[in-house]
1. Considering only residues of region 304-349 that are in a strand (DSSP E or B) and more than 16 Å from ligand 1 (Cβ to nearest atom), which is nearest to Trp290 (Cα to Cα)?
2. Under 30 Å from Gln641 (Cβ atoms) and either at pLDDT 95 or above or of a type in the set (Gly, Ala, Ser) (or both) - does that describe any residue in region 534-546?
3. Given the residues Tyr578, Tyr633, which is the only one that is farther than 27 Å from Glu666 by Cβ, out of contact with any Gly (no Cβ under 6 Å at 6 or more places or on another chain) and hydroxyl-bearing (Ser, Thr, Tyr)?
4. Take residues that are within 16 Å of ligand 1 (Cβ to nearest atom) and without any contact (Cβ under 8 Å) to a residue 12 or more places away in the chain and tell me which of the helices (runs of 4 or more DSSP H) falling wholly in region 83-174 contain 2 or more.
5. May I ask you to say which residue of Ala540, Ala588 is in contact (Cβ under 8 Å) with a residue 60 or more places away in the chain and farther than 21 Å from Lys326 by Cα?
6. Suppose we keep only residues that are hydrophobic (A, V, I, L, M, F, W, C) and within 14 Å of ligand 3 (Cβ to nearest atom) within region 408-421. Which one would you say is surrounded by the fewest Cβ atoms within 10 Å (Cβ to Cβ)?
7. On the basis of being in contact with a Cys (Cβ under 7 Å, 6 or more places away or on another chain), at pLDDT below 95, farther than 30 Å from Lys399 by Cβ and not assigned by TED's automatic domain parsing to the domain that holds Gly425, does Lys660 make the cut?
Amino acid sequence: MNFVQVALELPLYKLFEYSWDTTRIGREPVIGQIIEIEFGKKKCAGIIIEIKKTSSEKSEEKTYSVKEVLSIAPCDPLPEREIKLYQFASKYYLRPIGEVIFSSIPRDWKIPANWTRIEKSIQKKENKKTSEDKVKELNLFFNDEQLKAISTLNQITNNRIYEISLLKGITGSGKTAVYLEWIKNITKDQNKQCLLLVPEINLTPQLEQTVKTICTERDVVILHSNLTPSERNYAWLKIQKGEGQIIVGTRLSVLTPIKNLSAIVIDEEHDNSYKQQDGMRYSARDVAIWRAAHLKIPVLLCSATPSLETWQKVIEKKIKLLELTKRAKLGSTIPEIIISDIKIENKTTHFKEIGLTNYVIEQIRQTSKRDKQVLIFINRRGFAPILACEACTWKSGCKKCSAWQVLHKKNGNQKTAMLHCHHCGLIERTPEACPECGNQDIKPVGLGTQKIEENIEKLFSDLRILRIDTDATRKKGQAEELFQKVHRNEVDVIIGTQMLSKGHDFSNVETVIVIDIDKSLYSSDFRATEKMFAQLVQVAGRGGRGENSINSKIIIQTEFPDHEIFRALKDENLDSFYKELLEERKTAKLPPFTYQALILAESKNQEKNEEVLIQLKKYLEKVVNPTEACIIYDPIPRGIQRVGGIERTQILMESNDRIKLQKSLEKGLDYSEYLKSKNHSMRIIIERDPITF
Ligand code: ADP
Ligand code: ZN
Ligand code: ZN
């Protein structure tokens with residue numbers, strides 16, 4: 001008889017003991033094996049983390065008998081090195097190991113009653129496997145910079161060691177082509193697999209096609225949130241068995257077991273979507289780097305605007321820098337950057353209504369005359385961000401959140417425009433008169449994508465206009481359909497949110513117009529400038545991609561033309577701008593020079609949150625010497641204090657030493673579990689390396 005310590009999908013920081021009857025099950029237990037057990041009265045899946053010869057429950061303490069493992073899942077055990085990865089993530093992000101492991105396993109595998117069915121359906125898929133249509137290989141003539149980067153990367157593969165590199169290249173410089181060529185070289189060896197991580201919105205059929213045309217004859221597996229359960233089960237099993245040589249996936253795929261993982265590429269490494277914002281709040285980039293280090297394999301970060309965390313490591317020579325400074329495609333150019341000052345126009349009602357300067361309107365006209373496309377980028381969907389009363393101070397605040405409800409145009413069979421809360425999802429009819437004073441004149445304030453669309457329609461009745469934002473792309477496949485319209489040149493003016501800013505290679509876009517960014521230029525978020533800069537570079541990068549794009553320009557409307565960000569944007573070399581930003585961070589003792597964590601309390605009662613967090617703070621100050629280990633700030637409400645009726649409060653912890661911060665948080669975890677047990681209706685969450693506050 002053996003005893004196994006099992007992780008279950010439960011929010012509990014402990015393993016559960018079960019006994020293992022080798023004769024009945026027919027084999028010895030193995031770490032990482034997925035098993036069927038009974039928990040309470042329910043049959044569920046567990047994973048073996050430890051094996052022991054004797055029961056760890058002392059017999060005198062034992063109040064119940066240890067239950068038996070019932071059966072094993074029809075798949076290989078998760079490799080021990082993957083278990084190590086989960087253990088690391090569990091420790092670093094302070095989440096129960098079971099929760100970490102099960103987040104990486106397809107839902108079907110978690111229900112033992114499904115196992116026979118999954119096995120059968122996979123068998124069917126295996127039998128049906130046909131070779132896909134042969135894709136014609138794309139042969140690019142790489143330029144000197146690309147060749148140099150590829151050769152350095154190949155050299156790194158030959159060294160067979162862990163090494164981090166950064167491929168920094170302006171948009172359109174051919175980074176994708178470079179990393180795909182590297183992946184192609186690695187996967188010449190059929191026993192090697194590569195993981196390519198991309199931000200959620202970059203995972204388009206276009207990218208899939210590019211991967212397949214450069215890496216021909218490789219089995220490419222795409223992991224995204226829209227896979228059907230059976231597709232997901234199959235993909236998971238395949239990758240785990242060492243098949244599927246190139247795995248392209250978003251955040252969560254960093255936790256997938258990959259048998260022969262040999263290299264990791266993280267495209268757009270600075271992208272915020274790599275950070276999970278609920279459940280286990282991990283950074284896929286950081287986990288990927290840990291995974292590469294543990295497996296002693298190379299990892300490549302790619303970006304036109306690397307995060308300051310990454311850039312600081314380049315300066316410290318911990319990351320090797322590979323650079324691409326020219327646009328790759330023949331005839332494509334780097335667009336001219338024009339700042340359109342709105343200080344004076346901002347005061348006119350005409351501008352407030354239209355949202356575009358006369359100069360911009362003229363440029364739209366000129367561009368369309370040349371049969372080129374215009375892209376207007378505004379990072380706010382809906383018609384207007386607020387509805388307000390002209391007679392009193394009423395504004396369309398959400399009942400459940402400390403945020404405004406956004407006015408959306410009427411849609412389909414709705415009778416009126418609606419107010420949408422973008423935080424809790426509450427949708428309400430627009431009131432006919434002011435709910436506070438009865439005044440009939442309630443007016444939209446500010447601009448959203450729908451308003452700009454309407455304005456452009458009024459100004460240019462002869463142009464074909466297309467809006468691309470979350471509202472226009474809710475149905476599956478809709479986004480791709482709209483992007484194809486742009487590619488097929490069926491539209492003249494495209495209006496969109498940040499959905500448009502990434503990845504897309506629109507070859508006919510000549511003029512890019514960026515509006516309504518001033519609020520983010522002076523925000524309280526210390527990363528605001530960095531984020532805005534990355535976004536502007538991405539948006540600007542949509543222009544001038546085609547052949548013959550000499551007229552391409554980016555026009556940014558702003559009231560602050562002297563802001564450092566615009567200087568940096570015009571300057572092709574980011575180094576000096578990044579240097580300034582890093583110096584500011586250093587002086588202010590902010591990341592990457594310090595490490596941060598948040599402890600969050602969420603409940604219906606803000607005062608109670610604060611009370612509990614003060615208790616936690618006092619405890620931490622007692623057990624962790626604050627002057628030495630870390631600074632623990634007082635509890636404050638979060639940036640958006642109330643969402644969906646839940647009050648949110650936070651404590652910020654900061655240290656210049658990652659390990660000291662870790663130790664303090666571990667101590668805090670025990671106590672927060674205790675506090676949770678005393679306050680059942682409250683959630684207490686620890687978040688490492690937060691990016692929103
Ligand atoms: P990035 O990832 O740096 O934004 P991409 O890899 O998407 O750039 O390349 C931009 C465009 O340039 C793509 O259409 C790509 O096919 C093309 N391209 C890349 N390398 C070359 C090359 N050496 N010669 C011609 N075109 C290239
Ligand atoms: Zn009013
Ligand atoms: Zn709300």
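1. The extreme case among them is Lys320.
2. Start the filter on region 534-546 by keeping residues that are under 30 Å from Gln641 (Cβ atoms), which leaves 534-536.
Keeping just the survivors that are either at pLDDT 95 or above or of a type in the set (Gly, Ala, Ser) (or both) gives 534.
Yes.
3. Matching residue, one of Tyr578, Tyr633: Tyr578.
4. 144-159
5. Among Ala540, Ala588, only Ala588 is in contact (Cβ under 8 Å) with a residue 60 or more places away in the chain and farther than 21 Å from Lys326 by Cα.
6. Initially, region 408-421 is screened for residues hydrophobic (A, V, I, L, M, F, W, C), giving 417-419, 421.
In the following step, the residues that additionally are within 14 Å of ligand 3 (Cβ to nearest atom) were identified as 418-419, 421.
Working: Met418: 19, Leu419: 22, Cys421: 21.
Across region 408-421, the extreme among qualifying residues is Met418.
7. Values: in contact with a Cys (Cβ under 7 Å, 6 or more places away or on another chain): yes; at pLDDT below 95: yes; farther than 30 Å from Lys399 by Cβ: yes; not assigned by TED's automatic domain parsing to the domain that holds Gly425: yes.
So Lys660 passes the test.
Listed here are the residues, each with its yes/no results for (1) crowded, with 21+ Cβ neighbours inside 10 Å; (2) under 28 Å from Arg81 (Cβ atoms); (3) at pLDDT 95 or above.
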{"site": "Lys275", "(1), (2), (3)": "no, yes, yes"}
{"site": "Gly279", "(1), (2), (3)": "no, yes, no"}
{"site": "Ala288", "(1), (2), (3)": "yes, yes, yes"}
{"site": "Ala292", "(1), (2), (3)": "yes, yes, yes"}
{"site": "Lys296", "(1), (2), (3)": "no, yes, yes"}
{"site": "Leu301", "(1), (2), (3)": "yes, yes, yes"}
{"site": "Glu309", "(1), (2), (3)": "no, yes, yes"}
{"site": "Lys313", "(1), (2), (3)": "no, yes, yes"}
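The values are calculated or read from the model by the stated rules, or taken from the named source; none is laboratory data. Worth saying up front: this structure is predicted, and the values here are computed from it rather than measured. No Cβ is skipped: glycine too gets one built from the backbone with ideal geometry, and neighbour counts run over all protein chains shown.
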